[in-house]
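Accompanying notes for the structure given below.
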Amino acid sequence: MPESPAMVRSIPITRPWMDEREAEAARRPILKGWVTQGPEVAAFEGEFAEFVGAPFACAVSNCTTALHLALLAVGVRPGDEVITVSHSFVATASAIRYCGAMPVFVDIQPATFNMDPERLEQVLSPRTKAILCVHQMGMPCDLRKIASFARNHDLPLIEDAACAVGSEILWDGQWEKIGRPHSDIACFSFHPRKLLTTGDGGMLTTTRQEFDTKFRLWRQHSMSVPDTIRHQANTVIFEEYPEIGFNYRMTDIQAAVGREQLKKLPEVIARRRHLAQRYLQRLTGIPGLGLPEEPEWAHSNWQSFCVRLLGHVDQRACMQFMLDAGIATRRGIMCAHREAAYPPGSWRCAGSGDAHHALAHSETAQERCMIVPLYHDLATDDQDYVIAKLAECITVQH
Ligand SMILES: *Cc1c(COP(=O)(O)O)cnc(C)c1O
């Protein structure tokens, strides 16, 4: 029997946690009159650096621009190759293209949806300039193995940590936050689909001062003397533009909101971990359903909870079934190499270049996976409803 309209639920895929605190924070720069890259940005950078345990943090307009600056800083230029994954949001590969370089895609490990370190060797070439790994959906990738490969081949390593704010990795016996960073540079996103949002926004963290200096220059048109300094000076200063830069600034309004979001982050992560554990416990043992796996050296922030549909279970039918029940879902993470923006010749993969073979796990994950609702205030009975509907859908089809 169909449910009556009063009983139909509407459960989104995610929801940012914003309230009067963010609204109040946004008032500060608005009423003060300094609205872009000023004191709020500086304060947010300091607080973010402390949170992840990084010596330097530089705020920018979003994670895509962060990735662009990170790749430029390690010297990626036209004609170079950068090893990364295709199975990621398109921005990962696009940032490589912005530098005129070619993305070289390696396959993922199916259990974690992350770069398979064992496949790096296969794609190495004299043109390889850097490695760009991704902590997909907040699950830390195998940084220890990837970083050791990068070191052995004298290659810089950049982390696309867009989804991974607050995720942790076991490092020399200690749990450390992603972004310390455990590579040369880590890049974060503050898009509303991530755990901490400023509307749009991004952050670069690094241990190397020379990189941080470059980021600060480039994000503001390579202006030699930033307006924050000129504003305070009591002598007239003329700025210079020694090289081409960008406008990749974060506004003070965004940063003020970000500072409030950062205060809430530990609670958001604790809540998401709790909900993810509930999903894992209650969805275990359903034939036809595969569950995400967290390696023992990783703590995910559970930016997304992604299940695998096995056997005869059809992705589109399953997503439609859930939608009819009032539950929003998303298909598995996209593969850049399958998009028209990435025609053959604009990227490379292992072997003879047969992506269907070389990137088989990536393609399967896109086709056979489904992301289900997860957000800080997902009510227990709504989650139970999602679990029940998912089990019903899988059982019918399997
Ligand atoms: C969201 C996302 C990005 C892009 O972040 P923006 O802040 O929207 O530019 C890049 N990489 C990954 C893996 C993402 O999930």
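Structural remarks
- Folded to 0 to 90 degrees: helix 315-324 orientation relative to the chain principal axis, Cα: 90
- Other-chain or far-sequence residues with amide H under 5 Å of VAL85's (modelled H): VAL106
- Between 0 and 90°, nearest 10: helix 209-218 axis offset from the chain longest Cα axis: 90
- Estimated FRET transfer efficiency when R0 is 56 angstrom, pair GLN281-TYR241 (beta carbons, to 0.05): 0.45
- Degrees, to the nearest 10: 63-73 long Cα axis against longest axis of the chain: 50
- Potential extension, ARG316-HIS274 segment - 0.36 nm per residue separation minus Cα distance: 12.3 nm
- Taking other residues whose beta carbon is less than 14 angstrom from the beta carbon of ALA270, and scoring Lys, Arg as +1 and Asp, Glu as -1, yields +3.
- Assigned charges on the beta-carbon of Lys, Arg, Asp, Glu; the chain dipole about Cα centre (debye): 300
- Legend: calculated FRET efficiency, GLN397 to ARG15, from the Cβ-Cβ distance at R0 = 41 Å, rounded to 0.05, equals 0.90.
- Efficiency of FRET between HIS357 and LEU323 - r from beta-carbon atoms, R0 45 angstrom, step 0.05: 0.85
- Annotation: amide H of GLU293 has no partner in the under-5 Å range at sequence separation 5 or more or interchain, hydrogens built in the peptide plane.
- Too-long pairs where the Cα-Cα distance tops 19 Å, listed order kept, from LYS145/LYS214; LYS32/LYS264; LYS145/LYS194; LYS145/LYS177; LYS214/LYS263: LYS145/LYS214; LYS32/LYS264; LYS145/LYS194; LYS214/LYS263
- Under 5 Å from the amide H of GLY166 lie the amide H atoms of ILE178, each residue being 5 or more positions distant or on a separate chain, with H modelled from the backbone and absent for Pro and chain starts.
- Environment charge of CYS349, counting only residues whose C-beta is closer than 14 Å and scoring Lys/Arg +1, Asp/Glu -1: -3
- Cα centroid of region 18-91 to Cα centroid of region 92-150, whole Å: 21
- Rolling a 1.4 angstrom probe over the chain with all protein chains present gives an accessible area of which 54% lies on carbon and sulfur atoms.
- Relative packing of 304-316, 137-149, which averages over residues the other C-beta atoms within 10 Å, highest first: 137-149, 304-316
- Paramagnetic reach from LYS145 (point 7 Å along Cα→Cβ, amide N under 18 Å) across region 78-106: 83-87, 105-106
- Here HIS191 sits with roughly 80 square angstrom of accessible surface, probe radius 1.4 Å.
- Taking the C-alpha atoms of the chain, convex hull volume expressed per residue in Å³: 149
- Sorting TRP175, TRP34 by accessible area puts them as TRP175, TRP34; the probe is 1.4 Å, largest comes first, and only protein heavy atoms count.
- Contact order normalised by residue count of region 228-358, Cα under 8 Å, 6+ apart, percent: 12
- Rounded to the nearest 10 Å², the accessible area of ASP227 at probe 1.4 Å: 60
- Å² of accessible area per residue within region 5-397, as computed with a 1.4 Å probe and no ligands counted: 42
- Protection proxy ranking, peptides 289-299, 329-339, 8-18, average beta carbon neighbours within 10 Å, highest first: 329-339, 289-299, 8-18
- Packing-based order for 152-165, 72-85, using average beta carbon neighbours within 10 Å, highest first: 152-165, 72-85
- Per residue, the convex hull spanned by the Cα atoms of region 135-285 amounts to 161 cubic angstrom.
The values are calculated or read from the model by the stated rules, or taken from the named source; none is laboratory data. This structure is a prediction, so every number in the text was calculated from the model and none was measured. Cβ coordinates were reconstructed from backbone atoms using ideal geometry, including for glycine residues, and neighbour counts include every protein chain displayed. Quick note on the areas: whole protein, heavy atoms, side chains included, nothing else; ligands and nucleic acids left out. Shrake-Rupley method; radii C 1.70, N 1.55, O 1.52, S 1.80 Å.
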